[in-house]
Amino acid sequence: MTFVRGFRLSDYAAATELLRETLSEACFEETIEAFGRQLSWDGELVLVAEADGEVAGVIIGTIDNDCGYCYRIAVGRKYRRRGIGRQLIQALKRRFELRNVKKVLVSVDEHNASILPFYESIGFDPASLERSGRQLSIVNG
């Protein structure tokens with residue numbers, strides 16, 4: 001059984017290892033810095049999916065200029081194609097709704113462009129895929 005919950009400090013090692021295993025080296029380096037910033041600023045927007053007693057997925061969300069952003073998502077290879085990514089995004093969207101963000105966007109960069117069809121398949125329209133190149137605060141520091 002899989003369930004999505006808020007990030008706990010005890011998840012740090014497992015979540016970091018999951019990001020390291022699933023992201024390219026360049027993407028991991030950028031993401032791990034943003035991950036740390038988001039945890040220090042607002043850890044409520046970092047969620048994990050737990051399956052079989054381990055961290056199976058992680059999503060890093062942030063709020064920037066009154067918009068909620070799905071910054072990075074990663075699902076362990078052995079847990080893919082089980083709906084975990086969809087569950088993570090739905091849970092993050094609910095957190096954004098509680099914060100009254102004006103819209104929910106996906107932060108698109110060279111590292112996650114390959115999964116745009118996934119975002120589109122769960123209801124994000126092209127206008128929700130933020131390709132502006134403007135870096136989010138969690139990336140800029």
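Computed from the coordinates by the stated procedures, all read-outs in this text should not be read as laboratory data. Small disclaimer: the values here were computed from a predicted structure and weren't measured. All Cβ positions, even for glycine, are placed from backbone atoms using ideal geometry, and neighbour counts span all protein chains on display.
Using only Cα atoms, what is the ratio of the radius of gyration of the chain to 2.2 N^0.38 Å?
In units of the 2.2 N^0.38 Å rule of thumb, it is 0.95.
Using modelled amide H (1.01 Å from N, peptide plane; none on Pro or chain starts), what sits under 5 Å from the amide H of PHE124, excluding residues fewer than 5 places away?
Here the answer is none, since no amide H 5 or more places off falls under 5 Å of that of PHE124.
Taking amide H positions as placed in the peptide plane 1.01 Å from N, state which residues far from LEU105 in sequence (5 or more) or on other chains have amide H under 5 Å from it.
Here the answer is GLY68, TYR69, CYS70, since their amide H atoms fall under 5 Å of that of LEU105.
What nm distance separates the two modelled labels at ILE115 and LEU98, each placed 7 Å from Cα along Cα→Cβ?
2.2
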